[in-house]
Every structure is written in C-alpha cells, then in structure tokens.
Amino acid sequence: MPGPGEPAAGEALGRPGGCGRSYADLVARVEACLLDAFGTILTCDFTAHTRELPVLAGIPADAMYQEFARIAPALTDGRLSMAAGYGRILRTCGAEPRPELVRALADRGMELLLASRRLFGDVLPFMAGLRARGIKVAIVSNCDEQGRGLLDWLGVTPLADALVLSCEVGAAKPSARIFQRALQALGVSAGAALFVDDNPGFCAAAAALGIRAAQIVRGEPGAEVRSDGMPMVRSLADVEAMLPA
C-alpha cells in the first residue's frame, strides 16, 4: 500500500488522476521492456572504493577521483578499458603504471563492486513475470566493462534477452544509438517497447524516439525530479501491475 503522499500504482502510471497518459495507451502492444541497471534494478555503495583504491594505488584520493571523473565518459562508451583507465590515472597522478599494480587495481575494483552491490527485491520476479508473458527484456545500461560481470553475478543475465551496455555499443544514454541497438537486439519497434529508468532525461530521450517510458523513483516520496508529463512508478511491481493479464 502506498505511503502518505505516495501515488497508487495506477495513478503514477497515467490512470485517471495520474500525469496525463492513458493506461490503455501505455500498456498497448508492449512486446519488450528495456530496463536501466544502476538506480533501477540495482544499487552500489562505492564507499569502500574511495577508501581502499587510492591506498592501493599510492596516490591521493582527491587526485584519483578527479581523474576518474575526467575519464568516466571514455570508460562508459568503451574507448578505455578499466586497465587502461587505471594506467592513465596512475600516470596523471605521478605514479608508475606498473602492470601488476594496474591489474591489482582492476581486480580489487571488481571485487569491491560485487561486494557492495544490491539487487532490488522486485527485479528477478519482475523479469521472470515478463518472460512468462512473452515480453522480451533488455538491460540498457551506461556502464564500464565491469557491468556485464556484475549483471552475471547478480543472476540478471539469464532472464534477459539482451544486455545492451554502453561500453560495448560505443554510445551511452541519452544517445539514440543505444536505444536503437536495444530495439534491434529484441527485434521490436519503438512503439512496442516500454523503457524504465530512474533518470528523467534518459526517459525523455527514449520517448523522443517513440518508446514509451516510465521513470522509476525508489526511495522517499517527493525526492524525485522528473520530466514534465512523464509517468512515474515507485517499483517494478507497479510496472507489472499495469500490464495486461
């Protein structure tokens, strides 16, 4: 049951009293669901990364993460591997990028990622339910090369028809290219797909291509920032509730 000030599932998704789109319009001809990863199906706590990796690298944390932020776009679209990224960070921060140190940083970063991840409890049931309905699923994520291993570890991969990852596609949301790759991978048209993401700008980008989109806002009511008129849900169970039986 929704908490105080929290919309009911139907209202959040555009039934009467919602934000303008009709329920029938949103669910008609849903043949595929495109799901974001970070913030939508999983969350990660990077506290241990910021504490441990600078010590391992032997460089100041502020300098390390300033450079991380600078190269993040290249990691996300695959122009840089994690190993190359750590090598660049070390060089920029005045440390020798010894191969064994670069590998140790990449390996420890992945270990910490797996240890700090949390898959939201509604994800696997939702994905299994879509499969039972014959609805195809793609994970569409902005991530570096560690993203695929993380999704494998969490048990998401077997329930997805496609993993469409920015580092492999060479383009990140909100680029049309990553959405188009997802549609091609699933063999569906834009009008037959529903996209769920916590980022309202990415939802708007999908909608501009003719993909129906809903912003997911997990957490306290009132904390969201959403695009005008964009349907909003609090959980994947809300999305499942609006689909035809």
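The values are calculated or read from the model by the stated rules, or taken from the named source; none is laboratory data. Computed from a prediction, not measured in an experiment: that's the story for all the values here. Glycine also receives a Cβ, built like all others from the backbone with ideal geometry; neighbour counts cover every protein chain displayed.
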- Residue under evaluation Lys136, criteria (1) of a type outside the set (A, V, I, L, M); (2) more than 16 Å from the chain's Cα centre (by Cα); (3) under 30 Å from Ala83 (Cα atoms), criterion not met: (3)
- Message: List pairs: first residue in region 75-89 and in contact (Cβ under 8 Å) with a residue 60 or more places away in the chain, second residue in a helix (DSSP H, G or I) and hydroxyl-bearing (Ser, Thr, Tyr) anywhere in the structure, Cβ distance under 8 angstrom, at least six positions apart or on different chains.
- Response: Thr76/Ser166; Asp77/Ser166; Gly78/Ser166
- Query: Looking only at region 96-141, which residues are within 30 Å of Arg29 (Cα to Cα) and among the small types (Gly, Ala, Ser)?
  - Reply: Gly121, Ala128, Gly129, Ala132, Gly134, Ala138, Ser141
- In region 112-126, the residues that are crowded, with 16+ Cβ neighbours inside 10 Å and either part of a helix (DSSP H, G or I) or among the aromatic types (Phe, Trp, Tyr) (or both): Leu112, Leu113, Phe120, Val123, Leu124, Phe126
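Okay, residues lined up against (1) in contact (Cβ under 8 Å) with a residue 12 or more places away in the chain; (2) farther than 20 Å from Thr76 by Cα; (3) in the same structural domain as Leu35 (by TED's automatic domain parsing):
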| position | (1), (2), (3) |
| --- | --- |
| Met110 | yes, no, no |
| Ala128 | yes, yes, yes |
| Val137 | yes, yes, yes |
| Ser141 | yes, no, yes |
| Glu145 | yes, no, yes |
| Gly149 | yes, no, yes |
| Asp152 | no, no, yes |
- Message: Residues to consider are Gly129, Gly109; find the one that is in contact with a His (Cβ under 8 Å, 6 or more places away or on another chain) and either within 29 Å of Gly229 (Cα to Cα) or in a helix (DSSP H, G or I) (or both).
- Response: Gly109
- For region 46-89, how many residues are within 22 Å of the chain's Cα centre (by Cα), among the basic types (Lys, Arg) and part of a helix (DSSP H, G or I)? 1
- Message: Which of the helices (runs of 4 or more DSSP H) found entirely inside region 135-245 contain at least 1 residues meeting this: at pLDDT below 95?
- Response: 200-208, 236-242
- Item | Checklist (1) touching a residue at least 40 places away in the same chain (Cβ under 8 Å); (2) farther than 27 Å from Ala208 by Cβ applied to Thr157, failing item | (1)
- Among (1) surrounded by fewer than 20 Cβ atoms within 10 Å (Cβ to Cβ); (2) farther than 29 Å from Ala176 by Cβ, Leu105 falls short only on (1)
- Item | Some residue of region 158-178 being under 15 Å from Arg131 (Cα atoms), assigned by TED's automatic domain parsing to the domain that holds Ser235 and in contact with a Cys (Cβ under 8 Å, 6 or more places away or on another chain) | no
